[in-house]
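Asker: I'd like to ask you about the structure that follows.
The values are calculated or read from the model by the stated rules, or taken from the named source; none is laboratory data. Predicted model only: the values in this text are computed from it and were never measured. Cβ: placed from backbone, ideal geometry, glycine included. Neighbour counts: every protein chain shown.
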Amino acid sequence: MPGGGIPALGGWIMSTDTPGSQSSLHRANLERVLRAVRMAGSLTQAEIARGTGLSAATVSNIVRELKESGTVVVADTSSGGRRARSVSLSGDAGIVVGIDFGHTHLRVAVGNLAHRVLAEESAPIDVDVSAQQGFDRAEAMVDRLLTQAGFRPEKVIGVGLGVPGPIDVETGALGSTAILPGWTGIAPGRELGERLGMPVHVDNDANLGALGELVWGAGRGLSDLAYIKIASGVGAGLVVNGQIYRGPGGTAGEIGHITLDEAGPVCRCGNRGCLETFVGSRYLLSLLTTTLGPDLTLPRVVELAHQGDLGCRRVIADAGRQIGTGVATLCNLLNPRRVILGGDLAEAGELVLAPIRDSVARYAIPSAARQLSVVPGTLGGRAEVLGALALVMSEMGDSGALGRG
């Protein structure tokens, strides 16, 4: 990837600016504006100025330059009852791909930098499928969706990839507590990147769920939040000062492995009594299969609870109280403004949210509890794949690249 250039639609304008020069400052300001618009999808010029700290005149000049190059489009709109100019990236500025590997599904989406999803597909996947078989299916789906959307692979700026487990930041390999058996030690970004011939950015599914809700859903406009995904496993994506916080080793947010009972069930991480052992889908289903049958699923439990089944309601409420204990710990440590619940259990709505709030009120510092809102995600099962699209847009800000081909 070229270095030292200003991004422009379809290529690069090379620059030999020295650090601290006027041209270098202009390029940095241009990239700040691009990043702000890219992550929000659309902003007025006044919003860009507030978000970047640049003057209105500087933003106006940069927007004019980007419009003339075809990088952004500007449209008349209104803000607070006053006329304004809305700035968004051109739909031709580039294509991004999102891939989400789950415990039982594979979901792929193709979108543009204007935050428009152009094609999307989801398919079931066997939990015991090998990494190579999973990559084969993902590659085929990406090719099919790009063709469906009418784009050549060369138009793709990058691919975001979500996997259900921690990623080692040094090696890029999937950690030992991943949900998918047989994937431990695999470096999915490197392997899939070689197959697709595209840059691939990888993160765990909880982080991508947080990023998806931050950019597209229930976290828009917030700078501090936690996204908690309850499915086969339990994980949290943490947003601090508007950025995903991963920790130096990439394992921040492993809320599922908070110890609740040292004499409790053995967890897949090797410890006993982790939160995940009390609220993960395998445990919850084991409480109900005797009466409701061996083919029971968590979505079915939620459905029955909404229909009034007392056993399902009790299981969900108990899970909510346990989750709330973990949320209270997050409140005491990080003091987030909002906790967003995702995964299958989030569909239970107030049946699970009310017990979570009760535990937070009981165990969290009162000032932190008062400031916190606990809400369901608005993106449902799409949170992670949309977060994968947003991951590419976020990573672009580090390199300065806007387009390929």
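Asker: Could you say which residue among L54, L106, L30 is outside the structural domain of T147 (by TED's automatic domain parsing) and out of contact with any Leu (no Cβ under 9 Å at 6 or more places or on another chain)?
Answerer: L54
Asker: Hey, among the residues in segment 190-230 that are assigned by TED's automatic domain parsing to the domain that holds G134 and β-branched (V, I, T), which one's nearest to A328 (Cα to Cα)?
Answerer: It comes out as V202.
Asker: Then there's this: Can you tell which of G405, G326, G320, G308 is outside the structural domain of R116 (by TED's automatic domain parsing), at pLDDT 95 or above and assigned to a loop (DSSP other than H, G, I, E, B)? If you could, list the steps in order and put the result at the bottom.
Answerer: Details: G405 fails: at pLDDT 95 or above; G326 fails: assigned to a loop (DSSP other than H, G, I, E, B); G320 fails: assigned to a loop (DSSP other than H, G, I, E, B).
Step by step, each of G405, G326, G320, G308 is checked, and only G308 is outside the structural domain of R116 (by TED's automatic domain parsing), at pLDDT 95 or above and assigned to a loop (DSSP other than H, G, I, E, B).
Asker: Related question: Looking only at segment 134-150, which residues are in contact (Cβ under 8 Å) with a residue 40 or more places away in the chain, touching a helix residue (DSSP H, G or I) at 6+ places or on another chain (Cβ under 9 Å) and either of a type in the set (F, W, Y) or surrounded by fewer than 20 Cβ atoms within 10 Å (Cβ to Cβ) (or both)?
Answerer: If the condition is that a residue be in contact (Cβ under 8 Å) with a residue 40 or more places away in the chain, touching a helix residue (DSSP H, G or I) at 6+ places or on another chain (Cβ under 9 Å) and either of a type in the set (F, W, Y) or surrounded by fewer than 20 Cβ atoms within 10 Å (Cβ to Cβ) (or both), then F135, E139 are the ones that fit.
Asker: Now for a separate question. Look at segment 151-169 and say how many of its residues are over 16 Å from E194 (Cβ atoms) and either within 19 Å of the chain's Cα centre (by Cα) or without any contact (Cβ under 8 Å) to a residue 60 or more places away in the chain (or both).
Answerer: Of all residues in segment 151-169, those over 16 Å from E194 (Cβ atoms) come to 151-152, 154-155, 157, 160, 162-169.
Add one more test, that the residue is either within 19 Å of the chain's Cα centre (by Cα) or without any contact (Cβ under 8 Å) to a residue 60 or more places away in the chain (or both), and what stays is 151, 157, 160, 162-169.
Matching residues across segment 151-169 total 11.
Asker: Of the residues that sit in segment 152-168 and are in a loop (DSSP other than H, G, I, E, B) and modelled with pLDDT of 85 or more, which one is farthest from T251 (Cα to Cα)?
Answerer: R152
Asker: Would you mind stating whether T171 is outside the structural domain of G158 (by TED's automatic domain parsing), polar (S, T, N, Q) and part of a loop (DSSP other than H, G, I, E, B)?
Answerer: no
Asker: Scan segment 71-85 residue by residue and report those that are surrounded by 15 or more Cβ atoms within 10 Å (Cβ to Cβ) and over 28 Å from the mean Cα position of the chain (by Cα).
Answerer: Those that are surrounded by 15 or more Cβ atoms within 10 Å (Cβ to Cβ) and over 28 Å from the mean Cα position of the chain (by Cα): A84, R85.
Asker: Could you run through segment 249-266 and say how many residues are part of a loop (DSSP other than H, G, I, E, B), over 20 Å from D168 (Cβ atoms) and hydrophobic (A, V, I, L, M, F, W, C)?
Answerer: Qualifying residue count, segment 249-266: 3.
Asker: Does segment 332-364 hold any residues that are within 25 Å of V301 (Cβ to Cβ) and not in a helix (DSSP H, G or I), and which are they?
Answerer: Those that are within 25 Å of V301 (Cβ to Cβ) and not in a helix (DSSP H, G or I): V339, I340, L341, G342, G343, G349.
Asker: P199 passes all but one of (1) within 17 Å of the chain's Cα centre (by Cα); (2) under 27 Å from A114 (Cβ atoms); which number fails?
Answerer: (1)
Asker: For segment 16-28, state whether one or more residues are in contact (Cβ under 8 Å) with a residue 12 or more places away in the chain, more than 21 Å from R83 (Cβ to Cβ), within 26 Å of the chain's Cα centre (by Cα) and buried (at least 18 other Cβ atoms within 10 Å of the Cβ).
Answerer: Checked against the condition, which is being in contact (Cβ under 8 Å) with a residue 12 or more places away in the chain, more than 21 Å from R83 (Cβ to Cβ), within 26 Å of the chain's Cα centre (by Cα) and buried (at least 18 other Cβ atoms within 10 Å of the Cβ), segment 16-28 yields no hits at all.
Asker: If you don't mind, another one. Would you call A388 outside the structural domain of P199 (by TED's automatic domain parsing), modelled with pLDDT of 95 or more and in a helix (DSSP H, G or I)?
Answerer: Against the criterion (outside the structural domain of P199 (by TED's automatic domain parsing), modelled with pLDDT of 95 or more and in a helix (DSSP H, G or I)), A388 does not qualify.
Asker: Give just the number: which of (1) within 17 Å of G342 (Cα to Cα); (2) in a loop (DSSP other than H, G, I, E, B); (3) of a type outside the set (A, V, I, L, M) does E276 not satisfy?
Answerer: (2)
Asker: Being at pLDDT below 90, more than 15 Å from A383 (Cα to Cα) and crowded, with 16+ Cβ neighbours inside 10 Å is the filter here; which residues of segment 216-258 pass it?
Answerer: Selection gives S232, G233, G250, T251.
Asker: A further question on this structure: Can you confirm whether A131 is free of Cβ contacts under 8 Å to residues at least 24 places away in the same chain and touching a helix residue (DSSP H, G or I) at 6+ places or on another chain (Cβ under 8 Å)? Walk me through how you get there before you give the answer.
Answerer: Numbers: free of Cβ contacts under 8 Å to residues at least 24 places away in the same chain: no; touching a helix residue (DSSP H, G or I) at 6+ places or on another chain (Cβ under 8 Å): yes.
In short, no.
Asker: Are there any pairs with C-beta distances below 8 angstrom linking a residue in segment 323-350 that is under 10 Å from I228 (Cα atoms) to a residue that is buried (at least 18 other Cβ atoms within 10 Å of the Cβ) and of a type in the set (K, R), with the two at least 6 apart or on different chains, and if so which?
Answerer: G342/K229; G343/K229
Asker: Continuing with this model, one more query. (1) at pLDDT 95 or above; (2) over 26 Å from G212 (Cβ atoms): which one isn't true of V339, the others all being true?
Answerer: It fails just one condition, (2).
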